[in-house]
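Some notes on the structure that comes next.
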Amino acid sequence: GYRIELDDIESELRRVPGVEDAAVVHLETESTSEIVGFFTGGDLDEPGVRSQLVGRLPKYMVPKLVHRLESIPRTDRGKTDYQALEAKCR
């Protein structure tokens, strides 16, 4: 297997022009394992953002899905709420 650093994927997602904020989750079930990215910002479309990641990340690190949100959910302490993001995928 490959070592995947979600922070590295988030950093690259934030570098896409027009992306204001980003978060990435890793979803695992008995039959699948996939990376899902979330971003905020401008008039960006999901396929366009994902296609920009294809040239910046190794193939195994490119999120299978990328979703645009109005805002990234936060915990009471102001940190990214990854559990809320995972719930959006179910």
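Count, please, the residues in the range 10-20 that happen to be touching a residue at least 12 places away in the same chain (Cβ under 8 Å), more than 9 Å from the chain's Cα centre (by Cα) and open to solvent by less than 80 Å² (accessible area, probe 1.4 Å).
Summing the residues that are touching a residue at least 12 places away in the same chain (Cβ under 8 Å), more than 9 Å from the chain's Cα centre (by Cα) and open to solvent by less than 80 Å² (accessible area, probe 1.4 Å) in the range 10-20 gives 4.
For the range 29-38, what are the residues that are over 16 Å from residue 11 (Cα atoms) and not in a loop (DSSP other than H, G, I, E, B)?
33, 34 - these are the residues of the range 29-38 that are over 16 Å from residue 11 (Cα atoms) and not in a loop (DSSP other than H, G, I, E, B).
Just to check your reading of the model, which residue among 90, 77 is part of a loop (DSSP other than H, G, I, E, B), of a type in the set (Lys, Arg) and modelled with pLDDT of 95 or more?
Result: 77 is the single residue among 90, 77 that is part of a loop (DSSP other than H, G, I, E, B), of a type in the set (Lys, Arg) and modelled with pLDDT of 95 or more.
Within the range 39-61, how many residues are free of Cβ contacts under 8 Å to residues at least 40 places away in the same chain and either part of a loop (DSSP other than H, G, I, E, B) or surrounded by 13 or more Cβ atoms within 10 Å (Cβ to Cβ) (or both)?
13
Among the candidates 87, 23, which residue alone is open to solvent by less than 20 Å² (accessible area, probe 1.4 Å) and either in contact with a strand residue (DSSP E or B) (Cβ under 6 Å, 6 or more places away or on another chain) or at negative phi (or both)?
Unique residue meeting the criteria: 23.
The values are calculated or read from the model by the stated rules, or taken from the named source; none is laboratory data. Quick caveat, the model's predicted, so the values are computed rather than measured. Virtual Cβ from ideal backbone geometry, glycine too; neighbours counted across all protein chains shown. When the accessible area is computed, the model is the full protein with side chains, heavy atoms only, and any ligands, DNA or RNA have been set aside. Shrake-Rupley method; radii C 1.70, N 1.55, O 1.52, S 1.80 Å.
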